[in-house]
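The values are calculated or read from the model by the stated rules, or taken from the named source; none is laboratory data. The structure presented is a predicted model; accordingly, all values stated were derived computationally and were not measured. Please note: Cβ atoms are built from the backbone with ideal geometry, for glycine as well, and neighbour counts cover all protein chains shown. Accessible surface areas use protein heavy atoms only, side chains included; no ligands, DNA or RNA. Shrake-Rupley method; radii C 1.70, N 1.55, O 1.52, S 1.80 Å.
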Protein chains: 2
Amino acid sequence: MTLLQSWVESANSADTDFPLNNLPYGAFSTGGPRRCGVAIGAQILDVTALEAAGILTLENGPLLQAGDWNAVMSAGPTVWDALRGWLQTALAAGSGQQANLAPHLVDQANAQMHLPITVAEYTDFYAGKNHAVNVGTMFRGAENALPANWLSIPIGYNGRASSVVVSGTDVVRPNGQLKAPDAELPRFAPSARFDLELEMGAIVGQPSEGMVSVQEADDMIFGYVLLNDWSARDIQAWEYQPLGPFQAKATATSISPWIVTKAALEPFRTSTPERERPLLAYLTEPGPMLYDIDLEVGLTPSGKGESIIARTNYNQMYYSAAQQLCHHTTSGCAMRVGDLLGSGTISGPSKDSRGSMLELSWGGKEPLTLDSGDSRSFLEDGDRLTLRGAALGDGYRVGFGECTGKVLPAKPVPDWAQ
Amino acid sequence: MTLLQSWVESANSADTDFPLNNLPYGAFSTGGPRRCGVAIGAQILDVTALEAAGILTLENGPLLQAGDWNAVMSAGPTVWDALRGWLQTALAAGSGQQANLAPHLVDQANAQMHLPITVAEYTDFYAGKNHAVNVGTMFRGAENALPANWLSIPIGYNGRASSVVVSGTDVVRPNGQLKAPDAELPRFAPSARFDLELEMGAIVGQPSEGMVSVQEADDMIFGYVLLNDWSARDIQAWEYQPLGPFQAKATATSISPWIVTKAALEPFRTSTPERERPLLAYLTEPGPMLYDIDLEVGLTPSGKGESIIARTNYNQMYYSAAQQLCHHTTSGCAMRVGDLLGSGTISGPSKDSRGSMLELSWGGKEPLTLDSGDSRSFLEDGDRLTLRGAALGDGYRVGFGECTGKVLPAKPVPDWAQ
């Protein structure tokens, strides 16, 4: 496939994240209520307005008037295909719809973005092998780096849906219980090892009851976003035994505002890596279910320029989102429209491809030197983190835009907590 | 306080769970749509109908037409107090409202109960010390029984809200990955160590952003239910390192249908036990925030009589729900109306007061003999589990009713999963 031509000129570029090939879905406002929009070049097509005006009609609609994409997701894959087909025709160069649609384009620069979905529940996985080995080595030593179950189970834990925020939301450094290795008792103080996690998020667009196969799981996925699972490593180290991370991961999870659909990513499917231990039959993939998506992380200290601190690719994952979602249902756990699955931190094999400060600075022992000359072991107040990602086609890109957030200082510990 | 007299005769008994002193809130139906109801003796007062008829008016109402209690919770403590006050007056012996209300009473025997709230998110804690020591001893040995953080942190993990079901719902034994200690690889099969956990659930009735104090947390709690956190011990043992339980806890969590309000439990407040290690200041309780609630667990094998397998009390907890909720917010985690907090398994110090089969049969090494003569290490298909609880006053009880569920056989493992 090559770059598809649109009558929206800014979409006809090898550099835009949002050519006609992409058409990701978001929620935006321009002072008034939230609306559903489709990114095209530097613009947003206001599909809430198009539906209200009767220009766009969806089966069992209206589906776009609530200002999020949950109703479209609930409507199912037939509607997903119909909507994408309509948009690709109506926005194509030479379309007879240009005059109808042009008044409903909004400059992205003038729009405020919101969460594209109402998040039902949030599950975070641990499915990048390089990350698991790196963290395991630091926490438990090289001999015990990879837990015994890791090559058999896409390890996951339930996160906190109320903590999911859209890109652009500032993130306040958390307070929490910290215990120095040599201290007898913990203290309550701001996290000193606040970190990012570079992940992809898969959005569940169809519900399930009972166990589903990997293929059925793949069919349930609506699309993907960039995801930063902000993590307080010092809170985590003290709290996580025996029941896993809790407050260390509850401050914020940022996602990019545009859901890149599974249909847009279809040309970029790729297989998970060769298995180092045979998987149980239920986790076998019937085809390639990962995607070839280049990823990078930028860190911008307050008032300074940005440094790219990591470059990697989603194809580094050991388990796909479809495998994770299948495993999620094994116990009979019901899945719901709007569930969000974090992939786990995506780290490549080389030092400059690691998706967290914990790994990049090796637990703080090897601080990074930024382009600005600043040194970083973990995040400092004022730092802005920006994730970017794109699948690269022949003369075009299917991009995710940015997932960005700035670290604000911790709130003062209240008197009654001191 | 003594037994308050009502014109509903069945409420005027020392034996009923639902005297005028109690007035718990539930959701029910009798063939038609779900309605909000208040238990009184053997009856349910249909407050959805009363509100629709204009007999009951709540500030900023209507609040009872959706068939769950979320709108009342959102309305806040002033409305909570006003509603309880109105009900206690209108249902009292000699009330002038008797003629208006009597037509809106439904026999509990004729009603189907539903989840009383739309659950926002579900968090499960691990705050019973006897349980933590018992499980820790079995899993990690007596020397490492209590994790280092346990006396400082009300340990919790996020559960799965989609798995929460109302009492009476059958529970299908889960399939999952199991690995025998001497096996090299796991297999996919029905859990052979399926278990209950006797817990109380606290229902969060007000939202928060940022950290709240223990007192503010207590003020946010709407009421309490009985909670059975069904657990697959063999799935848990293989999956839980390093990020905690996942599919082992995702099959079902049953709650009793009646929310006993904080106001009804007020006479039964009691303090958490003496601290074995000083708590950090933020977790200090300004007053008694546990409750004296007698609890029991009944096990009924298919076609046999019931055995009471455990008797204990909610006052056995080391941390109160208010402390747990306060800790939950330390990282800045937003709490929402309808969040459900499981207390953690409630085990007393003696063998017959343990709140799980894992503890009662000591990991299967000491099977229980039931009154029917049957032997049990873990739950068998057809077993019915029933939790009961009540705070005992002077000649009256504030009861929770039952939280019951029957274990159904596992679904056959699909061909593609074998």
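Annotations
- The residues of the stretch A:326-363 that are within 16 Å of A:MET220 (Cβ to Cβ), open to solvent by less than 20 Å² (accessible area, probe 1.4 Å) and among the charged types (D, E, K, R) amount to a single one, A:ASP339.
- If the condition is being assigned to a loop (DSSP other than H, G, I, E, B) and in contact (Cβ under 8 Å) with a residue 24 or more places away in the chain, then the stretch B:259-286 contributes B:THR272, B:PRO273, B:ARG275, B:GLU276, B:ARG277, B:LEU279, B:LEU280, B:THR284, B:GLU285, B:PRO286.
- The stretch A:378-418 - residue that is part of a strand (DSSP E or B) and among the acidic types (Asp, Glu) and, of those, farthest from the chain's Cα centre (by Cα): A:ASP394
- Subset of the stretch B:211-247 [touching an Asp or Glu at 6+ places or on another chain (Cβ under 6 Å) and among the small types (Gly, Ala, Ser)]: B:SER231
- Within the stretch B:364-392, tally of residues that are in contact with a strand residue (DSSP E or B) (Cβ under 8 Å, 6 or more places away or on another chain) and open to solvent by 40 Å² or more (accessible area, probe 1.4 Å): 10
- Any hit, the stretch B:338-345, residues being out of contact with any His (no Cβ under 7 Å at 6 or more places or on another chain), assigned by TED's automatic domain parsing to the domain that holds B:GLY141 and over 22 Å from A:PHE246 (Cβ atoms): no
- Test result for B:GLY176, open to solvent by less than 10 Å² (accessible area, probe 1.4 Å), facing another protein chain (nearest Cβ under 7 Å) and touching a residue at least 40 places away in the same chain (Cβ under 8 Å): yes
Let's see how each residue does on (1) touching a helix residue (DSSP H, G or I) at 6+ places or on another chain (Cβ under 8 Å); (2) on the phi > 0 side of the Ramachandran plot; (3) in the same structural domain as A:VAL214 (by TED's automatic domain parsing); (4) not aromatic (Phe, Trp, Tyr):
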position: A:GLN97; (1), (2), (3), (4): yes, no, no, yes
position: A:LEU105; (1), (2), (3), (4): no, no, no, yes
position: A:GLY136; (1), (2), (3), (4): yes, no, yes, yes
position: A:ASN144; (1), (2), (3), (4): yes, no, yes, yes
position: A:ALA161; (1), (2), (3), (4): no, no, yes, yes
position: A:VAL165; (1), (2), (3), (4): no, no, yes, yes
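- Contacts under 8 angstrom Cβ, first residue in the stretch A:238-254 being more than 7 Å from chain B (Cβ to nearest Cβ), partner assigned to a loop (DSSP other than H, G, I, E, B) and of a type in the set (Val, Ile, Thr), 6 or more apart: A:ALA252/A:THR169; A:SER254/A:THR169
- Meets criteria (open to solvent by 10 Å² or more (accessible area, probe 1.4 Å), β-branched (Val, Ile, Thr), closer than 30 Å to B:ASP415 by Cβ and in contact with a Leu (Cβ under 6 Å, 6 or more places away or on another chain)) for A:THR270: yes
- Qualifying residue in the stretch B:289-310 (condition: within 14 Å of chain A (Cβ to nearest Cβ) and either open to solvent by 10 Å² or more (accessible area, probe 1.4 Å) or under 23 Å from B:LYS406 (Cα atoms) (or both)): no
- Residue in the stretch B:149-163 that is away from chain A (no Cβ under 14 Å), of a type in the set (Ser, Thr, Tyr) and open to solvent by 20 Å² or more (accessible area, probe 1.4 Å) present: no
- Hits in the stretch A:209-258 - residues which are among the hydroxyl-bearing types (Ser, Thr, Tyr), in a loop (DSSP other than H, G, I, E, B) and in contact with a helix residue (DSSP H, G or I) (Cβ under 8 Å, 6 or more places away or on another chain): A:SER213, A:TYR240, A:THR251
- Residue in the stretch B:189-206 that is within 10 Å of chain A (Cβ to nearest Cβ), under 23 Å from the mean Cα position of the chain (by Cα) and not polar (S, T, N, Q) present: no
- If only residues of the stretch B:372-418 that are under 30 Å from B:PRO24 (Cβ atoms) and among the charged types (D, E, K, R) are counted, the one that is farthest from the other protein chains (Cβ to nearest Cβ) is B:ASP394.
- Those residues of the stretch A:9-52 which are open to solvent by 50 Å² or more (accessible area, probe 1.4 Å), in contact (Cβ under 8 Å) with a residue 24 or more places away in the chain and either under 21 Å from A:ALA82 (Cα atoms) or among the β-branched types (Val, Ile, Thr) (or both), in sequence order: A:THR30, A:ARG35
- Qualifying residue in the stretch A:181-203 (condition: in contact with a Pro (Cβ under 6 Å, 6 or more places away or on another chain) and open to solvent by less than 10 Å² (accessible area, probe 1.4 Å)): yes
- If the condition is being within 18 Å of B:TYR126 (Cβ to Cβ) and part of a loop (DSSP other than H, G, I, E, B), then the stretch B:150-184 contributes B:TRP150, B:LEU151, B:SER152, B:ILE153, B:PRO154, B:ILE155, B:GLY159, B:ARG160.
- Residue match in the stretch B:341-348 (condition: more than 30 Å from B:LEU370 (Cβ to Cβ) and either at pLDDT 95 or above or part of a loop (DSSP other than H, G, I, E, B) (or both)): yes
- Any hit, the stretch B:315-337, residues being assigned to a strand (DSSP E or B), under 27 Å from B:ILE117 (Cα atoms), within 14 Å of chain A (Cβ to nearest Cβ) and touching a residue at least 12 places away in the same chain (Cβ under 8 Å): yes
- Of all residues making up the stretch A:130-144, the number that are within 11 Å of chain B (Cβ to nearest Cβ) and under 23 Å from B:ALA183 (Cα atoms): 1
- A:ALA250, sole failed condition from (1) open to solvent by less than 20 Å² (accessible area, probe 1.4 Å); (2) out of contact with any Cys (no Cβ under 8 Å at 6 or more places or on another chain); (3) within 28 Å of A:ALA189 (Cβ to Cβ): (2)
- B:LEU279 falls short on exactly one of the conditions (1) within 14 Å of chain A (Cβ to nearest Cβ); (2) more than 24 Å from A:GLN418 (Cβ to Cβ); (3) surrounded by fewer than 22 Cβ atoms within 10 Å (Cβ to Cβ), and that condition is (2).
- Exactly one residue out of A:THR89, A:THR16, A:THR30, A:THR2 is over 24 Å from A:ILE203 (Cβ atoms), under 25 Å from the mean Cα position of the chain (by Cα) and not hydrophobic (A, V, I, L, M, F, W, C), and it is A:THR30.
- Residues in the stretch A:22-79 that are aromatic (Phe, Trp, Tyr) and either assigned to a strand (DSSP E or B) or touching a helix residue (DSSP H, G or I) at 6+ places or on another chain (Cβ under 7 Å) (or both): A:TYR25, A:PHE28.
- Residues within the stretch A:120-167 that are more than 18 Å from the chain's Cα centre (by Cα) and under 19 Å from B:GLN247 (Cβ atoms), tallied: 8
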